[in-house]
Amino acid sequence: MAETPPTDLPDGATLDSGGTCCPPFISGTTPVDFEFPSSLPMRTRQAAHLVDDKFKAKYDAALTAMKGLDEDDPRCFSQQARVHCAWCNGAYLVGSDSMNYQVHYSWFFAPFHRWYLYFYERILGHLIGDDTFALPFWNWDNEVGMSIPPIFTDTSVAMYDENRDACHQPPIILNLSEPASCDNGSVKSNYATIYTHMVSGATTASLFHGADYRYGIEKELNSDTTSGQLELSPHDMVHPWVGSSSNTNRENMGSLYSSGRDPLFYSHHANVDRMWSIWNDKLGRSNYTDTDLTNSKFVFYDEKKQLVQVNAGDCYDINNLRYQYQEVDMPWLSKGRSFKKAGKFRPKPTPTGFAESDDEVKSLMAPVTVLVKRPRKTRTKIQRAEQEEILNIQGIEVDMSGTT
Ligand code: C2O
């Protein structure tokens, strides 16, 4: 069941024509099941800062063609942008209890976005008659790619979007710690963040992909408690960093409903998707196999305007979708590991494995730092790799006295 307008828009949201974000309904259309494109040539997604002028011209031509399609064509750019709004802002309410089919904050995050990009990329290729066309990825996990890539900042091409933060233009680099600040980011700190979200904090499917979310089981989705490491950062930080601080919700990239309106969105997500493939293929981690996830359906219009129904789990192997990523260095794997914030207070670990600052009540007006020693000796290497580590912080109380 589709809702018009969507139920979950932020205040001040400006929807384009029609006040909805559902893709157009073409009467008589019933979704067909997805078939793997086994006869397609392999497409290689390249790092956006490395593409040549020929590729830039090709991408510009494809995107210009997409922006030039009729407004009611589900393949046109603004309709493609609405796809994100539809699945993210409460347009699809399922069943008699109107459960929100939300694709963030849970295990749907990675597969939904992989499929979304797949159809978007195939439409662009189709519009220029090129089956090898592949989206470039924004290589924000490498120092050389940490600014907005040049093909997106050239104001004469279709990849440009004026709704981006004025103080985050190149050569300013991404600031994953404070995305709203105008301060230049720190390469080292960015590497450390990526390492934590890809390696040390992401050893299991639930940690990396986020919590389960099933029809009929009431669950409050919430970025802090149910999102996976892949979604939390860099993903969640890059969005507001790109979006314009002059707009109410940092549109375009800073808000779910509007982020698909910036062509950079698709290259940001190509890198999020690349991170997922690295987590599987290079770091050897396994995805969820629960059929409540793998058999969940999404629908998209394909390059021929046909409505196609896909299973979330059918995108796990990108070879089957006939694309791959250009191999580039992953400096965060070695450099992110050893990062320590210089000059910060580091207490000695307590021998028990329990960290206690002391018994005194402290008010948390400033950061309190405690170093927790990990109980390495009690676990084998394999146990360490497979077990989740949980840091239990107790004794934090909110003192409301004195507030009005
Ligand atoms: Cu659907 Cu980057 O979000």
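Every read-out reported here was derived from the displayed coordinates using simple, explicitly stated rules and does not represent laboratory data. Quantities reported herein were computed from a predicted structural model and do not represent experimental measurements. In this analysis, Cβ positions are derived from the backbone assuming ideal geometry, glycine residues included, and neighbour counts consider all displayed protein chains.
Values computed for the structure shown
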| read-out | value |
| --- | --- |
| Amide H within-cut-off set for D16, under 5 Å, with H built and near neighbours excluded | none |
| Full-extension gain in nm, Q169 to D11, via 0.36 nm per residue minus C-alpha separation | 54.2 nm |
| Taking E303, E71, E251 and counting other C-beta atoms within 10 Å, the order from fewest to most | E71, E303, E251 |
| Sequence of K67, K58 once ranked by neighbouring C-beta atoms within 10 Å, starting from the fewest | K67, K58 |
| Å³ per residue enclosed by the Cα convex hull of segment 32-335 | 131 Å³ |
| Three semi-axes of the equivalent ellipsoid, segment 229-292, Cα gyration tensor, whole Å, largest first | 28, 12, 10 |
| Sequence-distant residues sharing a close amide H with Y323 (under 5 Å, placed H) | R43 |
| Two-site label geometry, T132 and D236: point separation in nm, points 7 Å out along Cα→Cβ | 4.0 nm |
| Nearest-0.05 FRET efficiency for D97 and A57, computed from C-beta distance (R0 45 Å) | 0.35 |
| Stokes-Einstein D in µm²/s, Kirkwood radius over Cα pairs - segment 158-308 at 10 °C with 1.306 mPa s viscosity | 93 µm²/s |
| Relative contact order, percent, segment 32-335 [alpha-carbon distance under 8 Å, six or more residues apart] | 28 percent |
| FRET E, pair L50, K297, Förster distance 41 Å, beta-carbon r, rounded to 0.05 | 0.70 |
| Distance in nm between pseudo-label sites at N222 and D70 (7 Å out along the Cβ direction from Cα) | 4.7 nm |
| Euclidean distance between Cα centres, segment 246-294 to segment 159-202, Å | 15 Å |
| Estimated distance in nm for a label pair at N280 and S245, the labels positioned 7 Å out from Cα along Cα-to-Cβ | 3.9 nm |
| Calculated from backbone phi, Karplus (6.51, -1.76, 1.60) coupling profile of segment 238-254 in Hz, x at Gly/Pro | 5, 4, x, 5, 7, x, 7, 6, 7, 9, 3, 10, 6, 4, 7, 5, x |
| Chain lengthening between N320 and M42 when straightened (0.36 nm per residue, less Cα-Cα) | 99.1 nm |
